[in-house]
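Reading through the structure tokens given below for one structure.
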Amino acid sequence: MILNTELEYKGDLFPSNIISFTKDVDTLHFYASNGVILQMTIVRDSVFRFRYTTTGIFDEDFSYAITKYASRGYNELEITEDDEKYIVTTAKLVCHIHKADMRKSIYDVNDNTLLSQDELGFHWEESYEFGGDIVKMSKISQDGESYYGLGDKPVHLNLKGKRFENWVTDSYAYGKDTDPIYKAIPFYVGLHHRKAYGIFFDNTFRTYFDFAQERRNITSFWAQGGEMNYYFIYGPEMSAVVENYTDLTGKPHQLPPLWALGYHQCKWSYYPESKVKEIANTFRELKIPCDAIYLDIDYMEGFRCFTWNNEYFPNPKKMVQELADDGFKTIVIIDPGIKIDPEYSIFKEGLENGYFCKRADGPYMKGKVWPGECYFPDFTNPEVREWWSDLFRELIEETGVKGVWNDMNEPAVMEVPGKTFPNDVRHDYDGNHCSHRKAHNIYGMQMARATYQGVKKYSYPKRPFVITRAAYSGTQRYTSSWTGDNVATWEHLWIANVQAQRMSMSGFSFIGSDIGGFAEQPNGELYVRWIQLGVFHPFCRTHSSGDHGDQEPWAFDENVTDIVRKFIEIRYELLPYLYTIFWKYANEGTPMLKSLVLYDQDDTQTHYRTDEFIYGEKILVCPINEPNAKGRRMYIPRGKWYNYWNDTIVSGGKETWVDADIDFMPLFIKEGAIIPKYPVQQYVGEKEIEQVTLEVYYKEGKEKSELYEDAADGYDYIKGRYSLRSFTLVGRKDELIIQQHKSGKFITSYETFKIKLHGLPFKIQKVEVDNEEMVFEEVKMNGDNTLEISKEFTELHIIGENSSK
Ligand code: MIG
């Protein structure tokens with residue numbers, strides 16, 4: 001191979017000069033004289049895909065991450081060239097590809113801002129041991145550039161100056177800066193000069209990212225095998241980058257059942273049956289809302305998947321039914337390891353059909369996990385996924401279990417180096433046979449996918465609920481996730497917060513942490529502070545290893561119980577708000593949690609913030625991360641915000657002290673917001689909703705809010721049986737107008753809204769609805785700035801006493 005001597009660097013090889021170019025619809029090929037080919041696909045005006053081969057032949061184009069539903073198509077594509085370069089122009093971007101060395105520079109088409117510039121660009125090292133190449137890409141880190149994303153990394157939100165590895169790993173009691181941990185999401189966002197772009201390196205081998213760590217001005221990423229295959233996604237808004245990435249790798253295939261957004265209680269382990277019921281009953285007695293209860297590994301017979309320990313659970317169907325009668329959904333754990341036991345039907349089936357993973361030279365992949373020595377289904381084989389999905393029939397359809405929890409699917413193996421399969425294990429990879437080096441990072445994803453298919457099939461016509469520990473990009477299509485085995489420390493409360501935000505900006509919003517910490521034991525104060533954060537995470541579950549004592553809301557003292565109840569009640573009141581932001585996420589890929597930088601990237605003060613985040617669109621949350629705090633300093637983003645607890649208004653763009661004794665936390669509502677609330681229920685569906693409260697936060701100016709509802713489960717919403725209400729609030733000195741626009745065919749159970757007005761700067765003189773002054777039957781003025789009004793109103797007009805209208 002000919003080397004470009006000028007660029008030679010530590011034994012790396014480089015593309016040489018481009019000698020020809022072809023174009024086929026949306027795909028361009030650039031050929032270098034040494035056999036390197038760059039394939040560039042115009043996915044959208046703002047999304048390019050770049051692939052390189054060093055051999056003149058591309059691998060089969062196959063990805064577990066990219067969804068077939070991804071949008072494609074651009075408005076403009078023009079290709080020109082001059083002596084030095086090819087110039088590819090779309091409606092959003094310009095890309096220069098240099099003829100001398102294949103290096104690329106990408107610019108904003110509107111103002112020519114240089115967004116991304118190859119340094120060495122693509123280069124590689126031949127891998128003698130495994131064949132193929134170690135593929136590398138390096139780029140210039142731009143002035144003032146910050147980096148975000150990468151899934152579950154337990155580090156400061158801004159990744160600048162750090163190096164990371166993506167290799168899905170069981171990480172019991174990981175800490176701040178531990179890397180890698182459970183997930184591999186090779187996607188990051190770069191932000192500089194007020195413009196954000198994303199890079200998704202769709203390579204499932206062990207990948208690395210260096211954000212100006214090794215060399216101050218260079219950002220690079222590389223993989224131990226496979227192709228240099230990455231997507232460049234332009235914003236310029238960070239939220240648009242995340243939305244486009246989520247469009248590529250997929251949104252959740254359906255909304256979760258509403259109950260899955262309730263509170264979940266878990267422990268390793270609740271057994272026997274009497275214990276499970278005692279826990280459930282205590283929730284009801286103490287009136288702490290709860291929707292789901294979990295059975296960890298001890299429900300099984302010798303940890304054999306799809307079996308029950310009959311001593312602990314003599315009649316699972318009856319128990320699950322009784323729990324369901326009291327509003328509890330039962331969720332059970334299923335691990336990938338199948339016990340080697342010739343008497344065990346699932347083992348026999350797997351063996352007979354050749355469904356288990358094998359080593360390079362033929363033996364089965366044998367590894368020790370909870371059941372003892374196990375074989376492991378090759379979930380990368382579509383036939384195995386089909387088989388696996390059918391195994392859920394009894395559990396879901398017969399027994400009535402409502403959700404499945406996939407654990408240990410990194411895959412984790414005990415007592416071996418690397419805690420996982422050896423590299424030589426073979427995988428089907430949907431027909432693209434390969435070793436574990438390539439399949440490792442997607443093994444857990446494919447298990448969760450097969451589980452999802454099964455739970456979905458047998459839950460029908462209800463919606464499925466699945467939760468996974470391991471994940472690769474795209475896993476969000478099938479399942480929710482948690483952040484694994486954290487620890488009951490204050491630092492871990494901080495970690496849980498950044499991880500949830502980071503997952504959200506990595507396209508995976510349905511995320512939460514083990515509230516209170518999995519390992520070790522929180523004190524009541526830490527548990528309270530963690531619940532306060534956890535109720536603002538899309539997935540909200542207390543879990544603990546059980547080794548160190550109890551971790552139910554009543555396990556501390558009465559004061560703790562009362563505060564925990566208060567915050568879980570807030571979660572239940574805000575369910576319609578949460579459901580609406582989930583719907584937005586599932587529809588548009590909008591991250592449900594927005595780090596301040598994602599919310600307001602033009603404000604450079606947000607670029608290094610970690611603690612504060614926006615829950616949905618309108619609620620600013622900031623946890624208390626320290627013991628004995630009576631409040632904290634926090635950054636309030638630009639704009640005006642109402643303190644949730646007392647309606648005082650603060651102007652943002654600065655740091656400020658916020659009071660928050662143990663029974664409070666800093667919580668603010670964006671001015672102009674309309675926040676829908678349900679009455680507190682002990683579980684979703686306990687009550688028929690008879691009235692929805694709209695908390696209206698006055699603003700001088702205009703603001704839009706939404707409320708999405710449907711039957712809370714089932715698939716009718718896809719056929720149009722949903723109810724979407726868009727509210728436009730316009731406030732002036734002496735009046736407030738709220739317009740409502742409705743769409744969808746779902747008829748909600750309630751007839752009226754209770755409107756609660758916050759921060760109204762005038763006394764009400766009169767109220768008009770749809771241009772008629774209201775008579776008492778139509779609007780009930782309560783004298784305390786609340787009024788009741790038909791849910792069908794189109795325009796509510798509140799007129800102040802000094803208005804001439
Ligand atoms: O080796 O199933 O992260 O949530 O409770 C430990 C027992 C296996 C690890 C999970 C944790 C779960 C535990 N599991």
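The values are calculated or read from the model by the stated rules, or taken from the named source; none is laboratory data. The structure presented is a predicted model; accordingly, all values stated were derived computationally and were not measured. Positions of Cβ are backbone-derived with ideal geometry, glycine not excepted, and every protein chain shown enters the neighbour counts. Quick note on the areas: whole protein, heavy atoms, side chains included, nothing else; ligands and nucleic acids left out. Shrake-Rupley method; radii C 1.70, N 1.55, O 1.52, S 1.80 Å.
Below is a table of values for the structure above.
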read-out: Projected label distance in nm at E81 and E129, using a 7 Å step from Cα toward the beta-carbon; value: 4.1
read-out: Cross-link pairs beyond the 31 Å C-alpha cut-off, checked among K195/K462; K584/K805; K640/K791; value: K195/K462; K584/K805
read-out: Phi to ³J(HN,Hα) by Karplus 6.51 cos²θ - 1.76 cosθ + 1.60 over segment 678-688, Hz, x for Gly, Pro; value: 9, x, 5, 10, 6, 6, 4, x, 4, 10, 7
read-out: Taking only Cα atoms of segment 11-249, radius of gyration then Dmax in Å; value: 17.2, 57
read-out: Theoretical gain in end-to-end length, N523 to E386 [0.36 nm per residue, Cα-Cα removed]; value: 44.8 nm
read-out: Computed accessible area, M300, all protein chains, 1.4 angstrom probe, square angstrom; value: 10
read-out: Between segment 655-701 and segment 301-330, the Cα center-to-center distance that results, in Å; value: 37
read-out: q = 0.10 Å⁻¹: log10 I(q)/I(0) that the Debye formula gives for segment 676-800, counting C-alpha atoms only; value: -0.33
read-out: Full-extension gain in nm, D770 to E343, via 0.36 nm per residue minus C-alpha separation; value: 146.5 nm
read-out: Nitroxide proxy distance, nm - points 7 Å out along Cα→Cβ at T656 and A324; value: 5.0
read-out: Inter-centroid distance (Cα atoms) of segment 208-279 relative to segment 181-197, Å; value: 12
read-out: Potential lengthening between S726 and S20 on full extension [0.36 nm per residue; Cα-Cα distance subtracted]; value: 248.8 nm
read-out: Whole-Hz couplings from phi, Karplus 6.51/-1.76/1.60, listed for segment 372-378; x for Gly and Pro; value: x, 5, 9, 10, 10, x, 8
read-out: Out-of-range pairs (alpha-carbon distance over 28 Å; input K670/K754; K317/K366; K68/K339; K402/K704; K99/K136; K183/K719); value: K317/K366; K68/K339; K402/K704; K183/K719
read-out: Gap separating the Cα centres of segment 397-418 and segment 10-31, nearest whole Å; value: 44
read-out: Efficiency of FRET between L351 and S804 - r from beta-carbon atoms, R0 60 angstrom, step 0.05; value: 0.10
read-out: Cα-based convex hull volume of segment 640-732 per residue, rounded to whole Å³; value: 152
read-out: Dimensionless Rg/Rh of the chain - Kirkwood Rh, Rg from C-alpha atoms; value: 0.98
read-out: Separation in nanometres of the label points that stand 7 Å from Cα toward Cβ, at A711 and S743; value: 2.2
read-out: K358/D430 FRET efficiency (R0 22 Å; Cβ-Cβ; nearest 0.05); value: 0.85
